[in-house]
1. Do we find that B:Lys272 is of a type in the set (Lys, Arg), at the interface with chain A (Cβ under 10 Å from one of its Cβ atoms) and open to solvent by 20 Å² or more (accessible area, probe 1.4 Å) in this structure?
2. Give me the helices (runs of 4 or more DSSP H) completely within the range A:191-300, filtered to those with at least 3 residues that are under 30 Å from A:Val102 (Cα atoms) and not assigned by TED's automatic domain parsing to the domain that holds A:Pro67, ordered by residue number.
3. Going by the structure shown, is A:Thr103 buried (at least 24 other Cβ atoms within 10 Å of the Cβ) and within 14 Å of chain B (Cβ to nearest Cβ)?
4. Are any of the residues in the range A:156-178 touching a residue at least 12 places away in the same chain (Cβ under 8 Å), out of contact with any strand residue (DSSP E or B) (no Cβ under 6 Å at 6 or more places or on another chain), under 19 Å from A:Pro70 (Cβ atoms) and open to solvent by 10 Å² or more (accessible area, probe 1.4 Å)?
5. Which numbered condition in (1) open to solvent by less than 10 Å² (accessible area, probe 1.4 Å); (2) away from every other protein chain (no Cβ under 11 Å) is the only one that A:Glu236 fails?
6. So how many residues does the range A:161-185 have that are more than 7 Å from every other protein chain (Cβ to nearest Cβ) and either under 20 Å from A:Val254 (Cα atoms) or assigned to a helix (DSSP H, G or I) (or both)?
7. Considering only the range B:259-282, state which residues are touching a His at 6+ places or on another chain (Cβ under 8 Å) and over 17 Å from B:Leu246 (Cβ atoms).
8. Quick one: which residue in A:Phe152, A:Phe145 is open to solvent by 10 Å² or more (accessible area, probe 1.4 Å), more than 9 Å from chain B (Cβ to nearest Cβ), farther than 21 Å from A:Val235 by Cβ and of a type in the set (A, V, I, L, M, F, W, C)?
Protein chains: 2
Amino acid sequence: MAEKVGFIGLGIMGKPMARNLMQIGHELVVYNRSREKADELAEEGAVVAGSPREVAEQSDVVVTMLPDSPEVREVVAGEDGVFEGIGEGSLLVDMSTISPVVTKELAAEAGKKGVGILDAPVSGGEPGAVEGTLSIMVGGGEEDFERAKPIFDVLGETVVHVGEAGAGQVAKACNQIVVALVIEAVSEALVLGSKAGVNPAKIIDVLSGGLAGNKVMEAKRDFFLEHDFDPGFRVELHHKDLGIALAASREYGVALPITAIVSQMLEALKAKGSGDRDHSAILTLIEDLAQHRIGEGASY
Amino acid sequence: MAEKVGFIGLGIMGKPMARNLMQIGHELVVYNRSREKADELAEEGAVVAGSPREVAEQSDVVVTMLPDSPEVREVVAGEDGVFEGIGEGSLLVDMSTISPVVTKELAAEAGKKGVGILDAPVSGGEPGAVEGTLSIMVGGGEEDFERAKPIFDVLGETVVHVGEAGAGQVAKACNQIVVALVIEAVSEALVLGSKAGVNPAKIIDVLSGGLAGNKVMEAKRDFFLEHDFDPGFRVELHHKDLGIALAASREYGVALPITAIVSQMLEALKAKGSGDRDHSAILTLIEDLAQHRIGEGASY
């Protein structure tokens, strides 16, 4: 691809993603708020810009990977932001997980400037970012999607164009709802089963074979059984994501009774100082309620 | 196997299970409260007994497959029940889904009589019963498990000895917790996503590839997308099963906040006359709350 790519936001996810784009030969212009991370990539051949505006001035396609809606608004539409430097006919690909409402606002502004825009949040965490095996949920126009496809193919394994602007963020919100509720489900099941005397590993084994089977139980098996809650995916990020889902539910008039409660579970985990642990630590809340640590005292 | 097998309870699950046992050459003594179902199997070669006691008198291994705890108590420990006819050294295999507390009571009584007992509830529904592909979660002693294994191997595909008496019921309760909560999770996600304008089929597609992936979304895909709620597994049975889980949670001192609420969802479905629909009809409750039927008005 001859297009020049800019990349803004070199955090845990963004840096390996940018690196993957460089390794297949993209000449990359990068920007990060704290300069050291950009300098690291400069040593590997990236051009470091002084602001999001400068990135946009030097790129055909600008990718952003930022923590939350306020950061995306600031970087894209703020002072010295992408919109100040981006040329007509360019494309902005926001891969952050943010509010679909904010995404639609930015899409409207981009439209006025003749700039294409895609929302393309990912799932798969740091390992997926490093290995280029992310799931990417893309919202936006078909032509823009086709234009960004070579980039997505470098970064991800499952790339689905789910709908118009904002649809990618909506799909990501749905994804985070299901993951959080499944963690809660497995936690309640394991604590009941274990306190009733059954070995939690056997519960996971037998449940995996049937309708109760799920990826959380597979991927987080050792997190649950060993109480090893090194992230993984941090509680505080999942809490942020359910905040997005619940804000969207207010926007669209959808009641999400269980999502609302599980969001409170994540709030409680943050309150007890577990915000930086893996989201499977929801288990510890259910354990606390039962005064029982799974696997202890199992009779079998 | 030379052992003579008795089978009590020829309902939707029991009849095909009994038939599978006959087809591999077991000489079967059967009993059912309403006689017609027993007569059907008599035409295929089964011996019809006049009471659970008579079944036990003529069998080395007695299998029961009944709706709920009271029926199992009555058939096993009641007048003309199994315990009145069963000989020392015989084995009782209860494959019903009942309270683990009741299971342990019966196990204690069986022990006094020198009778082996296993709790072996199943998952997999009518298709699993017909095809002999059930998942069987077995609680009880190792020797008894080995003795019943040839029977389990005819009836099921995944057979796991999860622990001592009652452990099978505990595992089944865990299974039903996870299944119910995953249905709730998928329902909330689909209603939010669809009302926000995203095609629910695409949501299932993209979620299936990642950590949100689960068997419910796979097996119930058409139930959700087509609003086809022919069971499947009936709401009223799942409601009964969560009642068992919640009773066990009181017994063992485990708080199950989300299980409790989803059990109320099933209660609400029964109240609105959907007790005989498939449990995936939880979707319709979330749709009602949002005044939105998924798939309608999706912009993409």
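1. Values: of a type in the set (Lys, Arg): yes; at the interface with chain A (Cβ under 10 Å from one of its Cβ atoms): no; open to solvent by 20 Å² or more (accessible area, probe 1.4 Å): yes.
Taking the combined requirement at face value, the residue does not satisfy it.
2. Details: elements: A:200-208, A:215-219, A:221-226, A:235-252, A:257-271, A:282-290.
Hits in the range A:191-300: A:235-252, A:257-271.
3. On the way: buried (at least 24 other Cβ atoms within 10 Å of the Cβ): yes; within 14 Å of chain B (Cβ to nearest Cβ): yes.
Criteria met by A:Thr103.
4. Checked against the condition, which is being touching a residue at least 12 places away in the same chain (Cβ under 8 Å), out of contact with any strand residue (DSSP E or B) (no Cβ under 6 Å at 6 or more places or on another chain), under 19 Å from A:Pro70 (Cβ atoms) and open to solvent by 10 Å² or more (accessible area, probe 1.4 Å), the range A:156-178 yields at least one hit.
5. (1)
6. Applying the first criterion (more than 7 Å from every other protein chain (Cβ to nearest Cβ)) to the range A:161-185 yields A:161, A:165-166, A:168-169, A:172, A:176, A:180, A:183.
Checking which are either under 20 Å from A:Val254 (Cα atoms) or assigned to a helix (DSSP H, G or I) (or both) leaves us with A:165-166, A:168-169, A:172, A:176, A:180, A:183.
Total satisfying the criteria: 8.
7. B:Gly275
8. Details: A:Phe152 fails: open to solvent by 10 Å² or more (accessible area, probe 1.4 Å).
None of the others qualify; the one that does is A:Phe145.
The values are calculated or read from the model by the stated rules, or taken from the named source; none is laboratory data. Just so we're clear, the structure is a prediction, and the values are computed from it rather than from any experiment. Here Cβ is always computed from backbone atoms with ideal geometry, including for glycine, and neighbour counts include all displayed protein chains. Each accessible area value is taken on the protein alone, full model and side chains, heavy atoms only, with ligands, DNA and RNA left out. Shrake-Rupley method; radii C 1.70, N 1.55, O 1.52, S 1.80 Å.
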